[in-house]
Ligand SMILES: C[C@H](O)[C@H](O)[C@H]1CNC2=NC(N)=NC(=O)C2=N1
């Protein structure tokens, strides 16, 4: 079982995660990605889905046209863990490869 990060540890981790912030009213982190078009947004989701499945750690997300809203939390512990930070990093890397931050 992975450990739930403290408020301070979450803040420290977020310093290094471009675009991610704490969700109000819930222990989770969130980022809205805006791509060039639907094709890129869905390409991002397809790549991120492979990472999620491989790590058995899955995002909450919503796609509208070229926008993907992502919320990450570790449901098993009711908070944010290293698994969320790692997935957030992977998502940033995928978005960067697609030319978006
Ligand atoms: C049984 C399985 O390993 C768990 O349900 C995994 C699956 N994916 C998950 N994803 C997320 N975001 N949080 C979890 O706690 C979680 N648990």
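No value in this document is a laboratory result; all are computed from the given coordinates. Being a predicted model, the structure only gives us computed values, none of them experimental. All Cβ positions, even for glycine, are placed from backbone atoms using ideal geometry, and neighbour counts span all protein chains on display.
Brief remarks follow.
- FRET efficiency estimate (nearest 0.05) - Cβ-Cβ, residue 100 to residue 9, R0 22 angstrom: 0.20
- In degrees, nearest ten, helix 82-97 long axis to first principal axis of the chain (Cα): 20 degrees
- Based on Cα contacts under 8 Å between residues 6+ apart, the stretch 10-74 shows a relative contact order of 34 percent.
- From least to most packed, judged by other beta carbons within 10 angstrom and beginning with the fewest, 61, 15 follow the order 15, 61.
- Cα long-axis angle, helix 38-55 against the chain (0 to 90 degrees, to the nearest 10): 40 degrees
- Shown for 57, 75: other C-beta atoms within 10 Å of each C-beta, ranked fewest to most, produce the order 75, 57.
- Value at 222 nm in deg cm²/dmol, rounded to 500, when DSSP H runs of n ≥ 4 in the chain each add -39,500 (n - 2.57): -14000 deg cm²/dmol
- With the simple model of a label 7 Å out from the Cα in the direction of the Cβ, residue 46 to residue 32 spans 2.6 nm.
- For 37, 84, the sequence from fewest to most other C-beta atoms within 10 Å is 37, 84.
- The alpha-carbon positions of the chain define a convex hull whose volume is 84 Å³ per residue.
- Sites residue 71 and residue 2, calculated FRET efficiency, Cβ-Cβ separation with R0 22 Å, nearest 0.05: 0.80
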